[in-house]
Structures are given as C-alpha cells and as structure tokens.
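Read-outs: derived from the displayed coordinates by stated rules, not from any lab. A quick note: this is a predicted structure, and the numbers were derived from the prediction, not measured. Neighbour counts run over all protein chains shown; Cβ positions are idealised from the backbone, glycine included.
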Amino acid sequence: MGAINATGIWTEVNYGQKSVYATGKPEELKIDKKDREILRKLASKVLSVSLKESTEEKRKFWYGHNALRLKKPLIFYDPKYE
C-alpha cells in the first residue's frame, strides 16, 4: 500500500519506473470561481516571465551549469530566505 497525500495515494515504484498515483475523478475536484480567477492570473504571470529573453538566457546558463559545461559558477539567490 502506498502513502496517502494531498493528491491521492502514491503507489510504490521501482527506481527508473514512472510514478503511478491516483488523483481521484475529475468531477471530484471543485475550484470556485474566485480561486480559478486567481490561479489564471498567477499562471499568466508565470507565462509572461518564462517568455522573457532574460529568462531564456538564465535557463541556458543553468542547463549548462547542471550539465557541468560552464566555466563560471552560477549563484541562486532567494530573498525570502534572508
């Protein structure tokens, strides 16, 4: 038996296999109109940031960093953890 969390039951999987978990039936998820509008506004902001040219440049730098191809180190700064 898997663990139960907010998205349903997570089943056990072997390393390398795709995760399988139950999220319930689509009609069981109810989002009221106000919350749906908030989510749409947030999604719009995420999309606009992701389409910026500077974001694409950062994505390429981080991809190179994670692939061990960059010569210079990258630093991630998150002001909420000050």
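Below are the figures for this structure:
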{"item": "Using θ = phi - 60° and Karplus 6.51 cos²θ - 1.76 cosθ + 1.60, couplings along the stretch 34-45 (whole Hz; Gly, Pro as x)", "result": "5, 5, 4, 5, 4, 4, 5, 5, 5, 5, 5, 5"}
{"item": "Packing-based exposure ordering (other Cβ within 10 Å, fewest first) of Phe76, Phe61", "result": "Phe76, Phe61"}
{"item": "Tally of Lys pairs whose C-alpha atoms are under 27 Å apart, taken over the stretch 36-82, 8 or more apart or cross-chain", "result": "18"}
{"item": "Cβ-based exposure ranking for Asp35, Asp78, in which fewest neighbours within 10 Å come first", "result": "Asp78, Asp35"}
